[in-house]
């Protein structure tokens, strides 16, 4: 029997009892991060938070066989199969693998001098560091919600699926469906509805599983893209500005990113098919009452058209003074130039008098009210902005912020797991800890059903029944974020 005695000796404990039957499909590189890989594994004495929103169950055993959950039940009554590798999880909790629904593979390109006035916004592909960090953070499935290097994203997915490199299961979103006026030269600008249809069909043929409309798309382009995608069974989400949420819902969009903070329909300067220019990029939300009838009408419109909302509170938090809490693990993972850029802007925000805290508070209320009304809320991190939101770490913090928004810890975990799985059409395979589902299981020290911050204490991550060492994964990318 393998018994975890402390975080310090976790990897050594597991390695000492590791069986020799590594799956042949895993490359030597991937195997180097694997700690548990046996035909049958029994996780005993764990507190189980199953992802459904139900209360946690104490002292449970989960039996994993051939990558699937074979059995779950009280440790006192469940019989562990003969020959199983037994892992004692006393003092630990298990949750389903997180399903990150706005988890890009890119990150702001750093100058090492802070923001440079007039320079275009550019983002680098983090194909080395981000897959490892997502997995280390307990994120076993992601939707990229927009690709800047679509062929790279597709290739990385193939490498991970083949066991050649560690990382989460990936649902790749096509290149942004953006209109004229993009703030970055890395995006294609649509020339009209026909171009939108062409782009959608081309990238579906290439293997994309969803699309994301962006800030300058017109209603005609968005409507054409949605119709073309739906004709082939593909969903469309959007981070919108030129098109309001109510308009997008009527056009048939499936999901809306970020929530109230980006919805321009309350902006008095908004013109049809036009994203208001800076400094009016966001409505003056001080004048918008989240409990007002106009906002309620938007929520009802979204519910009527079955439109989900993806929460990305963690990216909005970076624009509030002295938030998020300063974390050494985040700093250590960044390259030095990225660290300089992040700290430079964070300091300016702390010294300024912006409305970031107000925006965050109102967005929290909107999301809580949306769910209370019956809406489907998803969860993602969006590692963009000026930096600081890193793969995996950001998904953990995002779940903590859902609790700050008023959800209970088990409700927040439900949003971050089962809701995303259901939206992706994967609910019968992932998202909850149930017999017959894939063994995507995160082991954490403590009890996140009582203290959601314990979600940061990830000690072991199972993906398809194979246990990965988060410490090795994180250590392998120190100083890499912002470079590759």
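The values are calculated or read from the model by the stated rules, or taken from the named source; none is laboratory data. Predicted model only: the values in this text are computed from it and were never measured. Every residue, glycine as well, gets a Cβ built from its backbone with ideal geometry; the counts of neighbours run over all protein chains shown.
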*Regarding residue 329, is this residue under 19 Å from residue 479 (Cβ atoms) and buried (at least 19 other Cβ atoms within 10 Å of the Cβ)?*
no
*Please state which of the following conditions residue 265 fails to meet, knowing it meets all the rest: (1) at pLDDT 95 or above; (2) in contact with a helix residue (DSSP H, G or I) (Cβ under 9 Å, 6 or more places away or on another chain); (3) under 22 Å from residue 370 (Cα atoms).*
(1)
*asked:* Take residue 158 and tell me if it is outside any loop (DSSP other than H, G, I, E, B), without any contact (Cβ under 8 Å) to a residue 24 or more places away in the chain and under 24 Å from the mean Cα position of the chain (by Cα).
replied: yes
_Any residue in region 317-330 that is assigned to a loop (DSSP other than H, G, I, E, B) sitting within a Cβ distance under 6 Å of a residue that is surrounded by fewer than 14 Cβ atoms within 10 Å (Cβ to Cβ)? List the pairs, counting only those 6 or more apart or interchain._
321/350; 322/350
*Would you mention how many residues in region 157-185 are surrounded by 15 or more Cβ atoms within 10 Å (Cβ to Cβ), touching a strand residue (DSSP E or B) at 6+ places or on another chain (Cβ under 8 Å) and closer than 28 Å to residue 140 by Cα?*
13
_Quick check on this structure: which one of 256, 297, 260, 251 is closer than 30 Å to residue 371 by Cβ, assigned by TED's automatic domain parsing to the domain that holds residue 114 and in contact (Cβ under 8 Å) with a residue 60 or more places away in the chain?_
260
*Could you tell me which of the residues 354, 375 is part of a loop (DSSP other than H, G, I, E, B), modelled with pLDDT of 95 or more and in the same structural domain as residue 414 (by TED's automatic domain parsing)?*
375
_Wholly within region 432-480, strands (runs of 3 or more DSSP E) carrying at least 3 residues that are over 16 Å from residue 60 (Cα atoms)_ = 458-463, 466-468
*When you go through 385, 392 one by one, which is the residue that is within 28 Å of residue 127 (Cα to Cα) and buried (at least 23 other Cβ atoms within 10 Å of the Cβ)?*
392
_For residue 5: the one exception among (1) surrounded by fewer than 18 Cβ atoms within 10 Å (Cβ to Cβ); (2) modelled with pLDDT of 95 or more; (3) farther than 21 Å from residue 466 by Cβ_ = (2)
